[in-house]
Amino acid sequence: MNKLPLIIKREYLAKVRNKSFVIMTFLSPILMVGMILLIAYLTQLNDNEKRVIAVLNESGYFSNEFSASEATSYVNFRDVTLTQAKDSTVSQGYYGLIYLPDEPNLEQVAQRAFFYSKNAPSATILDKLENIITGRLRQERLRELGLSPKEYAAMDRRYDINIETFDGLQNIKGINEIKAVIGGAFGYLIMMFIIIYGGFVMRSVIEEKTSRIIEVIISSVKPFHLMMGKIIGTSLAGITQFGIWIISGAILLFIGLAIFDIDPASLTKGGMTQGMANGTNVDVDAVTQNIQLYAQEIFEIPIFAMLVFFIVYFVLGYLIYSSIYAAIGAAVDNETDTQQFIFPVILPLMLAIYVGFFSVFSNPNGPIAVAFSLFPLTSPIVMLMRLPWGIGEGGVPVWQLVSSILILIATFIGIVWVAAKIYRVGILMYGKKPSYKELYKWLKYSS
């Protein structure tokens, strides 16, 4: 009689009834949401802090250039020496002092300008001040060439090149990065699930092996069924825990944002505000149009297809890696001995995240991205990172998607066969530290 369903049920119930499992299932969303709310609150608090900069302008070249913004305000000192201005800045607790000396021309004013502060100033503040001085210097040079302020304003206006496909569809800058982040998030979830719950499978095998319970179980259950039961039962427990995390985390986050009156939009508002404060001419209509285009591009991402293939790649990827984890657990007597085997297992996952992310980021259909999305130990992550560009023309070719899944299935069969042979011998081996050479000998044992 096939005892696999009983083993799956036993492993699942053993995991979900574990006290630490129950505690972390309900405590983790609280900790994660608390951390997100804390970061959002601190970010909002940081954005609300206004930096005051003192200005000692002894030159005659600057008048209204230092204008206040949401993040910065300016206080002008007049009829005081530089030493007095420094003392006043420190005593008043201002962020810093910008000093513009009295020089014969603006070139020399710019060269001898200084910013004084208690500590090293923010690069953002320096960029803003340098943009003001550089803009005024450019304006003065053009005025000397006979250019009027109106002509200068027209000349200084920024233009962005229009982007369009050969089919006439309008594109926008930065959408590839957004797609890569969305795909990377799916891939990162798979990686974390494999590492966390693959480790559970390995520790479960080690515990049963060291307690000698396995000797009783193995008398009535085939090693292969025992291994697969542990893998499937643990994965179902993991899916249960992840589902609770997502649902409870979303509810807690929504409640937390409402209670603490935190505006999620404020986290991205700073970039736009800062860009306007730095003197960049922003066309409001163009910004609105870009937002609409971004929203349209995001809605066109094949989310449903990504969810379907997320399940496919998640299942196949987890089965492959958890089989390896089970074989490692069977080969050793304690968790300390697993270190020599764990890194080679985690390495492909790390490569998939980092190499895959950077290759997909620049060219989702490039040779590196394609190779990593076909290689079975990295394809569950890299292929998901490519899917936001769609399937078919302009996205992932259908043949690559099908080939990737078929290669994964063939690899799964091969790795399960290898893992089962190691597992069958290893679960009854005690008191001997395994090596790669020893594992190779186990593979040659006949059934």
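The values are calculated or read from the model by the stated rules, or taken from the named source; none is laboratory data. Note that the coordinates shown come from a computational prediction; the quantities given were computed from them, not determined experimentally. Because the Cβ atoms are built from the backbone with ideal geometry, glycine has one as well, and the counts that use them run over all protein chains shown. Just the protein is used for accessible areas: all its heavy atoms, side chains included, with ligands, DNA and RNA removed. Shrake-Rupley method; radii C 1.70, N 1.55, O 1.52, S 1.80 Å.
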Return the residue satisfying two criteria in turn: it lies in the stretch 322-337 and is among the hydroxyl-bearing types (S, T, Y) and in contact (Cβ under 8 Å) with a residue 40 or more places away in the chain, and of such residues it is surrounded by the fewest Cβ atoms within 10 Å (Cβ to Cβ).
S323
Test set (1) open to solvent by less than 80 Å² (accessible area, probe 1.4 Å); (2) within 30 Å of A237 (Cα to Cα); (3) among the aromatic types (F, W, Y) - F26 fails condition number:
(1)
Only residues that are farther than 23 Å from R138 by Cα, part of a loop (DSSP other than H, G, I, E, B) and open to solvent by 60 Å² or more (accessible area, probe 1.4 Å): list them for the stretch 58-92, please.
E70, R78, D79, T81
Criterion first (open to solvent by 70 Å² or more (accessible area, probe 1.4 Å), closer than 21 Å to I132 by Cβ and in the same structural domain as R143 (by TED's automatic domain parsing)) does G96 satisfy it?
no
Could you check the stretch 11-50 and list, in sequence order, the residues that are within 30 Å of K230 (Cα to Cα) and either at pLDDT below 80 or touching a helix residue (DSSP H, G or I) at 6+ places or on another chain (Cβ under 7 Å) (or both)?
E11, Y12, K15, V16, F21, T25, S28, P29, I30, M32
